[in-house]
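The values are calculated or read from the model by the stated rules, or taken from the named source; none is laboratory data. Keep in mind that what you see is a predicted model, and the values were worked out from it rather than measured. Counting neighbours? That spans all protein chains shown, and the Cβs are built from the backbone with ideal geometry, glycine included.
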Amino acid sequence: MRSYIPTLAQLCDRLAIATLKSIKISKSKKEYEEECNQIMNDLDEIAKEKMIPIKDFGQFIRAIQINQLINEMIWNNESKAREGKKQDLKLLKLTHSLNRIRSQAMNVISNILDERKDLKLDYIDAKLTKQFGYDFGGIL
């Protein structure tokens, strides 16, 4: 029997780290996604044990983390525009692509909670983010 079991907080932290690695280190994306899936499974088991009434609890946590990450990235891009500097068209396109991923993450949360979803996902293709070193493919 194990004597040291990671807490829910530790698993959430590790999920955030593995998600960032999946996004930033494309060459090892498969391995990081496998780790994320294992952690999300453990989070689902904890939710059952603690009677947390949220289906797909691991995916729910990850979607929240992705939403936070995207909002930070959008904030940074928009800060440049607020400084009055000339806006790089590529950064504007990146912001639109990030908004699509943000909407997808919110839709995952809404789907899990049986809430209304945003059906407007016609933003610029999320593949553009790869040009900036972020691979969001397959994380939601």
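Listing for the model above:
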{"quantity": "Members of segment 49-69 that are over 18 Å from Ile109 (Cβ atoms) and not in a helix (DSSP H, G or I)", "calculated": "Lys50, Met51"}
{"quantity": "One residue from Ile124, Ile61 being among the β-branched types (Val, Ile, Thr) and at pLDDT 90 or above", "calculated": "Ile61"}
{"quantity": "Subset of segment 26-37 [within 16 Å of the chain's Cα centre (by Cα) and either without any contact (Cβ under 8 Å) to a residue 60 or more places away in the chain or not in a helix (DSSP H, G or I) (or both)]", "calculated": "Lys30, Tyr32, Glu34, Glu35, Asn37"}
{"quantity": "Members of segment 83-121 found to be among the aliphatic types (A, V, I, L, M), at pLDDT below 75 and assigned to a loop (DSSP other than H, G, I, E, B), listed by number", "calculated": "Leu121"}
{"quantity": "Filter pass, Ile46 being modelled with pLDDT of 85 or more and part of a loop (DSSP other than H, G, I, E, B)", "calculated": "no"}
{"quantity": "Test: residue in segment 38-49 that is within 22 Å of Asp135 (Cβ to Cβ) and out of contact with any helix residue (DSSP H, G or I) (no Cβ under 6 Å at 6 or more places or on another chain)", "calculated": "yes"}
{"quantity": "Any hit, segment 70-82, residues being in contact (Cβ under 8 Å) with a residue 12 or more places away in the chain, of a type in the set (Ser, Thr, Tyr) and either surrounded by fewer than 18 Cβ atoms within 10 Å (Cβ to Cβ) or not in a loop (DSSP other than H, G, I, E, B) (or both)", "calculated": "no"}
{"quantity": "So Leu15, is it buried (at least 19 other Cβ atoms within 10 Å of the Cβ) and in contact (Cβ under 8 Å) with a residue 24 or more places away in the chain", "calculated": "yes"}
{"quantity": "Hey, Ile23 part of a helix (DSSP H, G or I) and under 19 Å from Ile112 (Cα atoms) or not", "calculated": "no"}
